[in-house]
1. Of the numbered conditions (1) surrounded by fewer than 17 Cβ atoms within 10 Å (Cβ to Cβ); (2) under 29 Å from residue 85 (Cβ atoms), residue 276 fails exactly one; give the number of that condition.
2. Considering only residues that are in a strand (DSSP E or B) and closer than 26 Å to residue 210 by Cβ, which ones fall in segment 70-118?
3. Could you please let me know if residue 325 is crowded, with 18+ Cβ neighbours inside 10 Å and closer than 22 Å to residue 222 by Cα?
C-alpha cells in the first residue's frame, strides 16, 4: 500500500515535468552530424535570474532520461537536492559507435573519442552558455556507457564532479585506471557504482572487482558509494540506483536530519553557529549554489545547544539569527535565553522586553515572550523577598548573639 502511494505521489509530482521538457538539435563538428538532446529545466526557471543550477547529463537519454527527471522532481519537491538542469543525450543506433573503445585500455578511441570530445567540447559549453549553470555537473550512465563516462576522470580539468555508474560494463584495464585516478585526485569527486545479485554475471564480476579496488583508495577528496541490490536485474536496478546515488551525492544539501544532529552537531567541538555556517559554505563550495539557512535549521541547532546546556552557542546562534532574520524576534529570544541559562535573570528580562517590538518568528511569538517576561519578573520578586528574609535572619542571629 505504501509503495502504491509513493508511486502515485511521484506521478503527481512529475506530471508537469513533461511540459517543461523539450528537444534541441546540436550541430557537431566533432561528429560531423547533428545530435538530438532532451532538456528539462527546473520549475520556475528564469533566464534573467542570478540563480545557478547543477547540470545532470544523462547518457543513453533514450531510456534513462525519464527515470532521472522523475527522481530529480521527487527529491527537489522535498528539498533533498537542488533544482537542476537535466540534459539527455539521445544515442539510439549511434550508441555502438559512441562507446567504441581501445580493447587494451578500455578508453574511447576513433568514433568513441569523437563522441567523448562532442560532450566535453561542444555539448557542455553549449549548455553553460545557454543556461544558468553552476560548476557542479553529474554524469549518469548505464552498461557500456557506465564504463565510458569514466574517461572524463582522466581530463586535466574535471568537467564532471559526480559519476553515477549503474552496472557499468568495464572493458580492458579501465577499472584499474579508475581506482588509480581516484587515488590521486586533488579535486572533490563523488563516485557512485551499483550492481545487483541478478545482474549479468560477467558485468557483476567486473563491478565487484572494481569495488574492491576503489575501497582501497584513501583520498579525502573522493566520496565513494556502492550498492549491491537484491532481487534486481541488470535493468530493474536502474531506478533504485538513480534514487540512491542522488540521495548520497546531495546528502549534505538535505535538511538537517536527526542522525546528523545526534552524531555530528551534538558532538561538535566548538560553538554550533560555526557548524551551521560551515555546512552551508560547503554546499556553496561543492555545488556552486547558494542555499540560505532557514529558521527551521536554526531552531534544530538551537535545540541541540539547549540539550548540551551550551549557553555560548545559543548566544552566537542568536546573533546569527539577528543577521539572517533581523525583522523577527528569533535571534533576540536566543540571546535572552542564553543569558537566562547563565543565571543573568535581570539581563535576560531586559532582552526579552526588547523583543516585543519585533515580528513573530515561525514558532515563537510575542505572547510567548510576554509569558517569559512575566515569569522572570516573578522570579526577580521572589529573589528580592528571599534576600530580605535572609537579611532579617542574619539580623536576628546577630541580636541573639549580643544577648
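1. It is condition (1) that residue 276 fails.
2. 88, 89, 101, 108
3. no
Computed from the coordinates by the stated procedures, all read-outs in this text should not be read as laboratory data. Keep in mind the model is a prediction, meaning the values are calculated, not measured. FYI the Cβ positions are ideal-geometry reconstructions off the backbone, even for glycines, and counts take in every protein chain you see.
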